1. Assess whether A:Asn47 counts as being modelled with pLDDT under 95, surrounded by 24 or more Cβ atoms within 10 Å (Cβ to Cβ), assigned by TED's automatic domain parsing to the domain that holds A:Pro274 and out of contact with any helix residue (DSSP H, G or I) (no Cβ under 7 Å at 6 or more places or on another chain).
2. Give me a count of the residues in the range B:177-219 that are under 30 Å from B:Met301 (Cβ atoms), part of a loop (DSSP other than H, G, I, E, B) and more than 7 Å from chain A (Cβ to nearest Cβ).
3. Report yes if A:Arg115 is farther than 21 Å from A:Gly34 by Cα and in a helix (DSSP H, G or I), otherwise no.
4. Hey, can you tell me all the residues within the range A:291-305 that are among the hydroxyl-bearing types (Ser, Thr, Tyr) and surrounded by fewer than 18 Cβ atoms within 10 Å (Cβ to Cβ)?
5. Can you name the number of the only condition in (1) of a type outside the set (Val, Ile, Thr); (2) assigned by TED's automatic domain parsing to the domain that holds A:Gly64; (3) over 16 Å from A:Cys19 (Cα atoms) that A:Leu306 fails?
6. Taking the range A:50-73, which residues are crowded, with 17+ Cβ neighbours inside 10 Å, of a type in the set (A, V, I, L, M) and under 30 Å from B:Tyr133 (Cβ atoms)?
7. I need every pair where a residue in the range B:62-91 that is hydroxyl-bearing (Ser, Thr, Tyr) has its Cβ under 7 Å from the Cβ of a residue that is assigned to a helix (DSSP H, G or I), sequence separation at least 6 or different chains.
8. Take the conditions of a type outside the set (A, V, I, L, M), buried (at least 24 other Cβ atoms within 10 Å of the Cβ), more than 12 Å from every other protein chain (Cβ to nearest Cβ) and in contact with a helix residue (DSSP H, G or I) (Cβ under 8 Å, 6 or more places away or on another chain) and apply them to A:Gly148. Does it pass?
Amino acid sequence: MAALSPQATPSSARMRLVCPAGTLPALKVAVDEGADDVYLGFKDQTNARNFAGLNFNDATIREGIAYAHRKGAQVLIALNTYPQPHNWRNWRAAVDRAAEVGADAIIVADAGVLRYACKTHPNLRLHLSVQGSATSHEAINFYYEHFGIHRAVLPRVLAVEQAEKVIARTPVEIEVFGFGSLSIMVEGRCALSSYATGESPNTHGGCSPAKAIRWQTSSAGMESRLGGVLIDRFADNEHPGYPTLCRGRFRVNGDVYYPFEEPTSLNTLELLQPLQAMGVKAIKIEGRQRSPAYVEAVTRVWRAALNHCAAEPQHYHVKPEWQNALAQISEGHQCTLGAYHRPWR
Amino acid sequence: MHFGCLSQALAMSAPLKLTLGPLLYFWPRDSVLSFYKEVANWPVDTVYLGETVCSRRRELRLKDWITIGEALQAMGKEVVLSTFELIETDADLRLLQSLVNQSLFRVEANDMSAVSRLAGRIPFIAGPFLNIYNSDTLAFFAEQGATRWVANVELARDGIAAITAETPFSIETEVFAYGRLPLAVSARCFTARYHNLTKDHCEFRCLNYPDGLLVETQDDQSFLVMNGVQTQSAGVHNLLPELAELRAVEATHLRLSPQSRHMAEVVTLFAQTLAGTFNPTWANQELTALMPDAPCNGYWMGKPGITYTEKERVL
């Protein structure tokens, strides 16, 4: 155990495991499997996974928070979309609601919402969402100075050495993405979805919304369309994936390929030890839209990996059974280190 | 919302100013220099200068942009230096500092690192990538010293109208009115990826694509354009037929985004239509023929950005 190893990481330097919950059952399995923090959203466009059948009302949120607190976990409420011109006051109401139900922190992207939260609820912890697109220590420190943010989630665009420089130059805790669906574009800076469908993460809390999808069979194979735009065609032997716009197969000068990204998942298990050594405070798992079974499997693997990394950092290595378990639930059954690894760029 | 007829609106409001947005593509040095030599004589009030997309594009250095800016300023243009859309490295931050340190021109801030350098010290322009989607957030940036904001391309006519109507203080409002829309930015260079190169060894392939590299769907629809780390719409966003509505939402500046060919004619068509010299319907037909791809205007209408709704003819 950690206490027995002379090389064990002090508890202050241990990374917290931040897991997604789209539903109350997902929250419970995340907590049971050892999540330190669970993040979730309300059932509306104030959060970036605004999908039918997902998210929490006041009753389920209170039950979830009570459950998490009983077991020593914290609950973070994501209010991480951009308040829109006609209904921006709804985001203020959501901040009040989060404070009232007893959230341990809120995750926010918009400067106006941050300012409101910091003035109105000075004791409520603020986390800067990845949707805030803060990629430098200067940007993060600006949010710190103006709103007193406690933690910032780094966009998935930085290489490891860049993330390390950010951490060394900010008093704000840094959270990074460890596993899940990989965003190819800088979060908070992508309007591809609204270009095709009218709705984007920034405006409606969702990318490539399900209601804009159409599947049809043609002589060329199964086709997926988003807002009428052909995203991909699948041969009989191919697994048709969800038509996320940036994972489509398009044509450039006659070549049909994935111009932006193949359907893969981010997986940074291999980088856990350096991330811990550089002072990363928390590792985030993506996937509030995924099932409780996914949350359970991912949390179990990452809890084991983080425990191993904290207890024996010098001997940390990725166990094959972890990778096998994650590959089963990864998009396209493939994983990548993403931008953390420079050649990906 | 009722926007009134065009002639009435043109007669009533202060003149809309035209701005030339920053050059988003990577052109050879000589092409850039001769382009801006022409710009000096174009009927635009403001010119945004500088590299905003990729730090590897160094055909021109900051001192070159300043030289261009001085020449344009001498011709009566307002000159603004624009910052990177995405800050990743210490070198990017150093360039940002040099940009802020110069005192000749105002700065357009395109990320929070830039805002942090300017806030409370130097008045600035809040660029289109700062994600200002409502009046409360706009007020925050105005308190930091923003004297103009450029609406995010996703904001519809009605959204901009709501923001300006709810804004009690004076601030200029700029709207992206012409050009391929900058939709996304990434750490990955898609142009390099197309050539099986990495970003760090990209061989500057963007130089081959003066209006970006077209991405089509498998059923032949022009869809997007790769511009290095930036992804743009293939469709050309065009608000020339919407001048009355632009005034009605209290826009003060219209941004025209540079394209490699016919840009002088594009600017002239906007300027003469604004001045009432050109018939708007005719001017729009002329403009459409000068576009590198089909027009779109969906964002302005509150629809998917790719769509195009033709205006009823204004006679």
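1. Working: modelled with pLDDT under 95: yes; surrounded by 24 or more Cβ atoms within 10 Å (Cβ to Cβ): yes; assigned by TED's automatic domain parsing to the domain that holds A:Pro274: yes; out of contact with any helix residue (DSSP H, G or I) (no Cβ under 7 Å at 6 or more places or on another chain): yes.
For A:Asn47, the condition - modelled with pLDDT under 95, surrounded by 24 or more Cβ atoms within 10 Å (Cβ to Cβ), assigned by TED's automatic domain parsing to the domain that holds A:Pro274 and out of contact with any helix residue (DSSP H, G or I) (no Cβ under 7 Å at 6 or more places or on another chain) - is met.
2. Number of matching residues: 4.
3. Yes.
4. Passing the criteria: only A:Ser291.
5. All conditions pass for A:Leu306, except number (3).
6. Within the range A:50-73, A:Leu54, A:Ile61, A:Ile65 qualify.
7. Between residues of the range B:62-91 that are hydroxyl-bearing (Ser, Thr, Tyr) and residues that are assigned to a helix (DSSP H, G or I), the close pairs are B:Thr83/B:Leu96; B:Thr83/B:Leu99; B:Thr83/B:Ala114; B:Thr89/A:Gln162.
8. no
The values are calculated or read from the model by the stated rules, or taken from the named source; none is laboratory data. No experiment lies behind these values; they were computed from the predicted model shown. Virtual Cβ from ideal backbone geometry, glycine too; neighbours counted across all protein chains shown.
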